[in-house]
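Everything on this sheet refers to the single structure shown next.
The values are calculated or read from the model by the stated rules, or taken from the named source; none is laboratory data. None of the values given here were measured: they were computed from a predicted structure. Every residue, glycine as well, gets a Cβ built from its backbone with ideal geometry; the counts of neighbours run over all protein chains shown.
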Amino acid sequence: MRIISIANQKGGCGKTTTAVNLSACLANKGRKVLLIDMDPQGHSALHLNINPDEQSKTVSDVLGISGSRATSLDEVMLGIGKNFHMAPSNISLSTLDQHLSMVQGRETRLKESIDSLYQAFDYIIIDCPPSLGLLTFNSLLASTEVIVPIEMSLFSLHGIGRLMEILGLVQEKTGHKLKINAVATMYDSRTRISKEVLNDIRDNFKGSMYKTVINLNVKLKEAASFGKSILDYQKRARGFTDYMALANEVVKEEKHLGMELVKQNKAFSKIEKQFVFHAPDAISVKIVGSFNNWTLSEESTMERDQEGKWSKRLLLDPGKYEYKFLVNDIWIEDKRNPNLSDNAFGGKNSVIEIV
Ligand SMILES: Nc1ncnc2c1ncn2[C@@H]1O[C@H](COP(=O)(O)OP(=O)(O)O)[C@@H](O)[C@H]1O
Ligand SMILES: [Mg+2]
């Protein structure tokens with residue numbers, strides 16, 4: 001299992017974009033991937049259309065912020081797509097320093113929780129916060145590798161020295177070498193500054209740098225705002241080609257590392273799917289389908305937000321399902337889903353396929 005922290009204390013250099021899209025591309029290449037968000041801002045979750053504030057359990061519970069430390073990572077992780085899970089975080093993680101200030105072994109909490117997942121994933125990708133505090137330290141101590149995204153701007157190399165010091169400290173503490181690779185992000189071939197900074201980074205990192213350069217591509221920003229990876233948003237985009245190339249480079253290293261891929265893991269094969277129905281005036285909206293044998297239960301009740309959007313998340317095994325919404329006791333198909341099939345009552349059912 002490779003455990004890769006995406007770290008750089010500079011905000012806005014492409015950590016989250018790299019963590020999310022590299023994870024999605026690795027999963028697409030058949031690797032079993034868990035993305036862990038270690039940033040209290042919860043950007044990784046938002047990038048994948050998960051509301052970090054709506055989760056009953058998050059990484060904070062795993063690290064033991066809310067008292068007892070009985071929560072394991074697999075209680076927190078959500079299925080995003082085939083081979084792809086994520087463990088979300090929210091603002092509650094920002095108090096880790098405070099809560100654990102006197103606790104022995106506070107730097108190795110993430111490492112311990114990952115140890116129990118050994119053999120479940122090929123890759124664990126950790127999205128680090130923009131700081132060098134306890135959260136980043138926990139991430140680095142748990143990692144076997146670090147990817148340092150560096151954006152092409154004037155001051156982007158400023159602070160890299162401090163990051164390298166911390167990485168040195170981690171290596172001393174763990175006694176094992178961390179593989180470090182820089183990756184150039186937001187490269188704009190039209191500007192001189194991009195070319196100059198790229199040359200500077202290549203000088204600085206020498207061989208410890210991925211050949212792939214991530215170009216500036218507005219589709220990457222758009223994908224994030226739509227809550228999708230670039231793979232699900234637009235495969236024609238330059239951003240997709242770039243992150244796929246990076247994933248290819250990462251996968252190529254497996255042979256050299258002597259890595260063995262994990263076999264199919266049944267335990268984590270369920271995928272979480274969110275169903276949404278917009279009906280501000282409805283009194284009740286429920287979801288019923290072949291996944292719950294078309295029967296009403298606790299599972300079918302949807303929750304309304306302030307704007308009148310009713311939603312429900314269901315954990316589903318891979319397969320094909322038919323479903324409908326029951327809006328004030330009237331059957332209605334999913335307006336946001338164009339896939340329909342004829343049902344036995346002369347009407348239509350919505351159809352969803354989980355792969
Ligand atoms: N290659 C890119 N091209 C265009 N926009 C990008 C690119 N990489 C990141 N961004 C955008 O820049 C902003 C900061 O990126 P982000 O990945 O959130 O950085 P960090 O996690 O290091 O703070 C986000 O709005 C993101 O969508
Ligand atoms: Mg981020």
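Residues of the stretch 156-187 that are within 21 Å of R2 (Cβ to Cβ), among the β-branched types (V, I, T) and modelled with pLDDT of 90 or more: I166, V170, I180, V183, T185. Restricting the stretch 1-18 to residues that are out of contact with any Pro (no Cβ under 9 Å at 6 or more places or on another chain) and hydrophobic (A, V, I, L, M, F, W, C) leaves a set whose member that is farthest from V213 (Cα to Cα) is M1. Scan the stretch 4-29 for residues that are hydroxyl-bearing (S, T, Y) and within 12 Å of ligand 2 (Cβ to nearest atom) and the total you get is 3. Applying the selection to the stretch 238-260, what residues are surrounded by 12 or more Cβ atoms within 10 Å (Cβ to Cβ) and either modelled with pLDDT under 85 or more than 30 Å from L216 (Cα to Cα) (or both)? Within the stretch 238-260, M259 is the sole residue that qualifies. Which of (1) over 24 Å from G227 (Cβ atoms); (2) under 29 Å from the mean Cα position of the chain (by Cα); (3) surrounded by 16 or more Cβ atoms within 10 Å (Cβ to Cβ) is the odd one out, the single condition L326 does not satisfy? Evaluating L326 over (1) over 24 Å from G227 (Cβ atoms); (2) under 29 Å from the mean Cα position of the chain (by Cα); (3) surrounded by 16 or more Cβ atoms within 10 Å (Cβ to Cβ) leaves (2) as the failure.
So which of C25, C13 ends up being within 30 Å of L216 (Cα to Cα), assigned to a loop (DSSP other than H, G, I, E, B) and more than 11 Å from the chain's Cα centre (by Cα)? Show your work before the answer.
Working: C25 fails: assigned to a loop (DSSP other than H, G, I, E, B).
Checking each option against the conditions leaves just C13.
If you go through the stretch 44-58 and keep only what is in contact (Cβ under 8 Å) with a residue 40 or more places away in the chain, outside any loop (DSSP other than H, G, I, E, B) and crowded, with 21+ Cβ neighbours inside 10 Å, you end up with S44, A45, H47.
Of L167, L216, L198, all but one fail to be under 23 Å from T136 (Cβ atoms) and either assigned by TED's automatic domain parsing to the domain that holds N83 or not small (G, A, S) (or both); the exception is L167. For T185, the conditions (1) part of a helix (DSSP H, G or I); (2) closer than 24 Å to M244 by Cβ; (3) among the polar types (S, T, N, Q) are fulfilled apart from (1). With respect to K32, determine if the residue is over 27 Å from E222 (Cβ atoms), more than 16 Å from ligand 1 (Cβ to nearest atom) and crowded, with 17+ Cβ neighbours inside 10 Å. So K32 passes the test. Name the one entry in V250, V276, V213, V285 that is touching a strand residue (DSSP E or B) at 6+ places or on another chain (Cβ under 7 Å) and under 27 Å from L163 (Cα atoms). Result of the check over V250, V276, V213, V285: V213. Taking residues in the stretch 210-225 that are in contact (Cβ under 8 Å) with a residue 12 or more places away in the chain, and partners anywhere that are near ligand 1 (Cβ under 6 Å from one of its atoms) and outside any helix (DSSP H, G or I), the pairs with Cβ atoms closer than 6 Å and at least 6 places apart or on different chains are I214/T185; L216/M186.
Of all residues in the stretch 7-29, exactly one satisfies the criterion of being more than 8 Å from ligand 1 (Cβ to nearest atom), buried (at least 24 other Cβ atoms within 10 Å of the Cβ) and farther than 16 Å from S229 by Cα, namely A7. Here the strands (runs of 3 or more DSSP E) wholly within the stretch 299-349 that include at least 3 residues being more than 24 Å from H85 (Cβ to Cβ) are 319-327, 330-332, 340-342.
Scanning the stretch 218-232 for residues that are more than 14 Å from the chain's Cα centre (by Cα) and surrounded by 21 or more Cβ atoms within 10 Å (Cβ to Cβ) yields a single hit, L220. For the stretch 77-118, filtering for residues that are in a loop (DSSP other than H, G, I, E, B) and touching a Pro at 6+ places or on another chain (Cβ under 8 Å) leaves 4.
Contact map, the stretch 111-139: residues that are within 21 Å of K29 (Cβ to Cβ) paired with residues that are in a helix (DSSP H, G or I) and within 16 Å of ligand 2 (Cβ to nearest atom), Cβ distance under 7 Å, separation 6+ or inter-chain. Pairs shown: I125/A19; I125/L22; I125/S23; I126/S139; D127/K15; D127/T16; D127/A19; D127/S44. Scanning the stretch 127-172 for residues that are of a type in the set (D, E, K, R), within 13 Å of ligand 1 (Cβ to nearest atom) and under 22 Å from L117 (Cα atoms) turns up just one, D127.
Would you check if V62 is within 16 Å of ligand 1 (Cβ to nearest atom), in contact with a strand residue (DSSP E or B) (Cβ under 9 Å, 6 or more places away or on another chain), in a helix (DSSP H, G or I) and of a type outside the set (S, T, N, Q)? Judged against the criteria, V62 is not a match. Across the stretch 123-148, the number of residues qualifying as buried (at least 23 other Cβ atoms within 10 Å of the Cβ) and either touching a strand residue (DSSP E or B) at 6+ places or on another chain (Cβ under 7 Å) or not assigned by TED's automatic domain parsing to the domain that holds N28 (or both) comes to 13.
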